[in-house]
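All remarks here apply to the structure that follows.
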Amino acid sequence: MASILVVDDEMGIRELLNEILTDEGHTVYAVESAAQARTIREQMRPDLVLLDIWMPETDGITLLKEWSKTGQLTMPVVMMSGHATIDTAVEATRIGALNFLEKPIALQKLLKTVTKALESSPKYVEPVEERAVQSGASVNVAPRPLSVEPVVAPSEGEYISGIAKTYFDLPLREARDLFEKAYFEHQMQIMGGSMTKISEYTGLERTHLYRKLKALGIDTSRNKGEQ
């Protein structure tokens, strides 16, 4: 996947983004200051940078200007802030920022923004086959199955024009979200809604589990009082 540098002075934001993006298969470097971000950038070029605007000592806009002036702004940068003005967002875009994320950051918005940003990163989108050819290596491509059967029956909301739409007819991320929702709803049903049992069975820490269920739109209100 991709290497992503997260720069934010809030520990909670760093931990949240690290958890989500790592779950997506990316390698995450989370730092709390512009100074640490400079060090990482001198050692490597990440595929994407998620940069907070308001930070002590050196803010995100200043760091973005530095990278632009020194020729280090060679990767897409997405700015983040909970109280940035339109002028600030426009200035960041003028300097070279690709996009802007408003805090609190919604899961789906984050994932869509990251996906689009990575599509603009030459290092990330270079086909593996092309790199292999250039290096003289061979690439083994697994043959595509001639036919597949639906893993599960389509659930509510998966019918279009009266035709059942299976997971194989959907984009990967959408299919995965539908599967995860069906999976967790099934686990909640057979385990009586016990977050403790579901956490132990799935191997997910309770806080992560609640966050996952909320992101999937699964109601956990009836379990709030569970210890």
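The values are calculated or read from the model by the stated rules, or taken from the named source; none is laboratory data. Small disclaimer: the values here were computed from a predicted structure and weren't measured. Cβ: placed from backbone, ideal geometry, glycine included. Neighbour counts: every protein chain shown. Just the protein is used for accessible areas: all its heavy atoms, side chains included, with ligands, DNA and RNA removed. Shrake-Rupley method; radii C 1.70, N 1.55, O 1.52, S 1.80 Å.
Heavy-atom accessible surface of Leu16, to the nearest 10 Å², is about 50 Å², with a 1.4 Å probe and all protein chains retained.
Taken as Cα centroids, the stretch 76-108 and the stretch 34-54 sit 15 Å apart, rounded to the nearest whole angstrom. Among the protein heavy atoms, those of Ser81 account for about 0 Å² of accessible surface (1.4 Å probe, every chain in place). Ranking Met79, Met191 from most to least accessible surface, computed with a 1.4 Å probe over the protein chains only, gives Met191, Met79.
Relative contact order for the stretch 1-61: 44 percent, from Cα pairs under 8 Å spaced at least 6 residues apart, divided by residue count.
With a threshold of 22 Å on the Cα-Cα distance, the over-threshold entries among Lys69/Lys112; Lys109/Lys214; Lys116/Lys214; Lys116/Lys181 are Lys69/Lys112; Lys116/Lys214; Lys116/Lys181. Distance between the 7 Å Cα→Cβ label points at Glu42 and Arg211: 3.1 nm. These residues, Trp67, Trp54, go from largest to smallest accessible area, 1.4 Å probe, as Trp54, Trp67.
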